Amino acid sequence: MNLLEIKNLKKSYGGLTVIEDISLSVAEGEVVSIIGPSGSGKSTLLRCATMLEKMNGGELTYLSEKAAWNGSDGKCVYAPSKDLKRIHGYYGLVFQNFNLFPHFSVLKNVMDAPVSVQGIPKAEAEKTARQLLARLGLADKADAYPCQLSGGQQQRVSIARALALNPKILFFDEPTSALDPELTVEVLKVIRSLAEQKMTMIIVTHEMQFAKELSDRIIFMEEGRIQAQGTPDELFSTENARVREFIGKLTN
Amino acid sequence: MLQQLGAGMVVSAEIFFLTLILSLPLGLVLSFGRMSKNRLIRAVSKVYISVMRGTPLMLQLMVVYFGPFYLFGIKITSSYRFVAVIIGFVLNYAAYFAEIYRGGIESMAIGQYEAAKILGYSKVQTFFKIIFPQVVKRILPPVTNEVITLVKDTSLAFVIAVSEMFTSAKAIAAAQTTMVPFVIAGIFYYVFNLLVAFVMEKLEKKLDYYR
């Protein structure tokens, strides 16, 4: 079954069209990387898929449940908020700059949403949170505050925070772009281990080597469209001159 | 003399605490109005804040106290004096606090709202669990300023003859031709504000555990 299906997504800000027309489906267990130059609409695609931004047109479906579709007047219609609330629970998003809650301890960052949003008993949520933190190598940081952690540690906490809600799909919006190379490695390691556990993931990234090793499929975006997609081998040996140029620039 | 001044002190402290307790929440509500998506609510809040900040508190106290009689012919009782003072102070200070809240709320990074939305927090939860605690930390210094001003402003209650500290001091000074009550009043306000500054500093330190 496709966990996510996007059909003919269109998005513009004022008169500026950011996404022309994108269709994309992601199957369970699939790891999809989205690459492309700045301003190509990668992040906007993610923000529309996670409903941080409203689409101007198109269809958005999670686990066969429609979140948004084209109404009869040509405008995009979203599902009633009751349904959206449930659909929200199907996915998580890891931000480029973490967006941890600075006034919460690491543990509270991870366990608060399960308790306050999903109504999971505190003791149970704490147990899960501690297990997650241990898995991400942060067992000793449970009582620390985000400002006391390195960027890599903060990003791992934010991954733990997303995982704590048990999402079916995890989106990453340039998860290592705010980190230096050394810290990048530790975050990529975590994402790699999630891929090994067959977590369905959609990752916007500039890390070519990483995308190549990890992805089942790579999507190359430019000017608000998917210009090319395929397995890493297909894409890295493509005849498409523009894709070759872009990949070449980033891998050297 | 001391007994009379002591009673005044109690009244001043009452004005101070009642004003704070009532104007801090009212200010928050008003700041929501000021930031409302509804244009009418936003405009009304803006005009209200503008008038409250743009006219003297002393004049506002007179309006609240004498207004019911001049406007509606309601007979003013002496017990209404104190009530009028509290109403006047609360209405005035809420306007200042509203703008402080607004500054704090608008300074919050959009990423905090987005993270909360993705995690499924409701709007109310997002505000009270995520946003407001961080706003409190940010607005503590300007709030301290207002609170210190409030301590001294309580003396304005003398214009409608509420026998707070300053009113008593003035009466005693005139009756006994002595400066002593003024000196004592001055010391009272100063020590009160030292306490305020001390408490607020403690509070800031307490919130120092995160950035």
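The values are calculated or read from the model by the stated rules, or taken from the named source; none is laboratory data. Since we're looking at a predicted model, the values are computed, not measured. Backbone-built Cβ (ideal geometry, glycine too); neighbour counts: all protein chains shown. To get the accessible areas, we keep the full protein, side chains included, count just its heavy atoms, and leave off ligands, DNA and RNA. Shrake-Rupley method; radii C 1.70, N 1.55, O 1.52, S 1.80 Å.
Restricting to segment B:130-163, count the residues that are of a type in the set (Val, Ile, Thr) and over 16 Å from residue B:197 (Cα atoms).
8
Could you grab me the full set of residues in segment A:78-99 that are under 17 Å from residue B:125 (Cβ atoms) and either assigned to a loop (DSSP other than H, G, I, E, B) or within 9 Å of another protein chain (Cβ to nearest Cβ) (or both)?
Answer for segment A:78-99, where residues must be under 17 Å from residue B:125 (Cβ atoms) and either assigned to a loop (DSSP other than H, G, I, E, B) or within 9 Å of another protein chain (Cβ to nearest Cβ) (or both): A:85, A:88, A:89, A:99.
Just to be sure I understand, how many residues within segment B:139-162 are outside any helix (DSSP H, G or I) and buried (at least 19 other Cβ atoms within 10 Å of the Cβ)?
Qualifying residue count, segment B:139-162: 1.
When segment A:25-41 is examined, which residues are found to be touching a residue at least 24 places away in the same chain (Cβ under 8 Å) and either farther than 26 Å from residue A:248 by Cβ or open to solvent by 10 Å² or more (accessible area, probe 1.4 Å) (or both)?
A:26, A:27, A:28, A:29, A:30, A:37 - these are the residues of segment A:25-41 that are touching a residue at least 24 places away in the same chain (Cβ under 8 Å) and either farther than 26 Å from residue A:248 by Cβ or open to solvent by 10 Å² or more (accessible area, probe 1.4 Å) (or both).
Given the conditions (1) among the β-branched types (Val, Ile, Thr); (2) open to solvent by less than 50 Å² (accessible area, probe 1.4 Å); (3) in contact (Cβ under 8 Å) with a residue 12 or more places away in the chain, and given that residue A:238 satisfies all but one, which numbered condition is not satisfied?
The number of the failed condition is (3).
Quick check, is residue B:20 open to solvent by 50 Å² or more (accessible area, probe 1.4 Å) and either modelled with pLDDT under 95 or within 14 Å of the chain's Cα centre (by Cα) (or both)?
Values: open to solvent by 50 Å² or more (accessible area, probe 1.4 Å): no; either modelled with pLDDT under 95 or within 14 Å of the chain's Cα centre (by Cα) (or both): yes.
Spelling it out, it is not the case that residue B:20 is open to solvent by 50 Å² or more (accessible area, probe 1.4 Å) and either modelled with pLDDT under 95 or within 14 Å of the chain's Cα centre (by Cα) (or both).
So is residue A:86 surrounded by fewer than 22 Cβ atoms within 10 Å (Cβ to Cβ) and either small (Gly, Ala, Ser) or modelled with pLDDT under 95 (or both) or not? Explain how you work it out, then say what you get.
On the way: surrounded by fewer than 22 Cβ atoms within 10 Å (Cβ to Cβ): yes; either small (Gly, Ala, Ser) or modelled with pLDDT under 95 (or both): yes.
For residue A:86, the condition - surrounded by fewer than 22 Cβ atoms within 10 Å (Cβ to Cβ) and either small (Gly, Ala, Ser) or modelled with pLDDT under 95 (or both) - is met.
So that you can scan it fast, the table gives a plain yes or no per residue for (1) of a type in the set (A, V, I, L, M, F, W, C); (2) out of contact with any Pro (no Cβ under 8 Å at 6 or more places or on another chain); (3) within 28 Å of residue A:8 (Cβ to Cβ):
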{"residue": "A:181", "(1), (2), (3)": "no, yes, no"}
{"residue": "A:187", "(1), (2), (3)": "yes, no, no"}
{"residue": "A:193", "(1), (2), (3)": "no, yes, no"}
{"residue": "A:196", "(1), (2), (3)": "no, yes, no"}
{"residue": "A:215", "(1), (2), (3)": "no, no, yes"}
{"residue": "A:220", "(1), (2), (3)": "yes, yes, yes"}
{"residue": "A:223", "(1), (2), (3)": "no, yes, yes"}
{"residue": "A:227", "(1), (2), (3)": "no, yes, yes"}
{"residue": "A:233", "(1), (2), (3)": "no, yes, no"}
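Where residues in segment A:202-252 are touching a strand residue (DSSP E or B) at 6+ places or on another chain (Cβ under 8 Å) and among the small types (Gly, Ala, Ser), which of them is nearest to residue A:168 (Cα to Cα)?
A:215
For segment B:1-42, enumerate the residues that are out of contact with any Asp or Glu (no Cβ under 8 Å at 6 or more places or on another chain), β-branched (Val, Ile, Thr) and under 23 Å from residue B:100 (Cβ atoms).
Within segment B:1-42, B:19, B:21, B:29, B:41 meet the criteria.
Just checking, does segment A:50-57 include any residue being among the small types (Gly, Ala, Ser), modelled with pLDDT under 95 and in contact with a Cys (Cβ under 9 Å, 6 or more places away or on another chain)?
Yes, segment A:50-57 has at least one match.
Taking only segment A:44-66 into account, find how many residues are within 12 Å of chain B (Cβ to nearest Cβ) and open to solvent by 20 Å² or more (accessible area, probe 1.4 Å).
Qualifying residue count, segment A:44-66: 3.
Give segment B:91-110 a look and list any residue that's within 14 Å of chain A (Cβ to nearest Cβ), touching a residue at least 12 places away in the same chain (Cβ under 8 Å) and either crowded, with 19+ Cβ neighbours inside 10 Å or closer than 21 Å to residue A:105 by Cα (or both), or say none.
Selection gives B:104, B:108.
In segment B:61-77, is there at least one residue being open to solvent by less than 50 Å² (accessible area, probe 1.4 Å), touching a Leu at 6+ places or on another chain (Cβ under 8 Å) and under 18 Å from residue B:29 (Cβ atoms)?
Looking for residues that are open to solvent by less than 50 Å² (accessible area, probe 1.4 Å), touching a Leu at 6+ places or on another chain (Cβ under 8 Å) and under 18 Å from residue B:29 (Cβ atoms), one finds none in segment B:61-77, hence no.
Which of the residues belonging to segment B:172-203 are more than 15 Å from residue B:154 (Cβ to Cβ), touching a residue at least 40 places away in the same chain (Cβ under 8 Å) and open to solvent by less than 80 Å² (accessible area, probe 1.4 Å)?
Residues satisfying the conditions are B:172, B:180, B:181, B:184, B:197, B:200, B:203.
Go through segment B:111-132 and give me each residue that's surrounded by fewer than 16 Cβ atoms within 10 Å (Cβ to Cβ) and within 9 Å of chain A (Cβ to nearest Cβ).
B:111, B:122
Yes or no: residue B:136 part of a helix (DSSP H, G or I), surrounded by fewer than 19 Cβ atoms within 10 Å (Cβ to Cβ), touching a Leu at 6+ places or on another chain (Cβ under 8 Å) and within 14 Å of chain A (Cβ to nearest Cβ)?
It is true that residue B:136 is part of a helix (DSSP H, G or I), surrounded by fewer than 19 Cβ atoms within 10 Å (Cβ to Cβ), touching a Leu at 6+ places or on another chain (Cβ under 8 Å) and within 14 Å of chain A (Cβ to nearest Cβ).
Conditions first: (1) in contact with a helix residue (DSSP H, G or I) (Cβ under 7 Å, 6 or more places away or on another chain); (2) under 15 Å from residue B:14 (Cα atoms). Residue B:95 passes all but one, so which condition is the exception?
(2)
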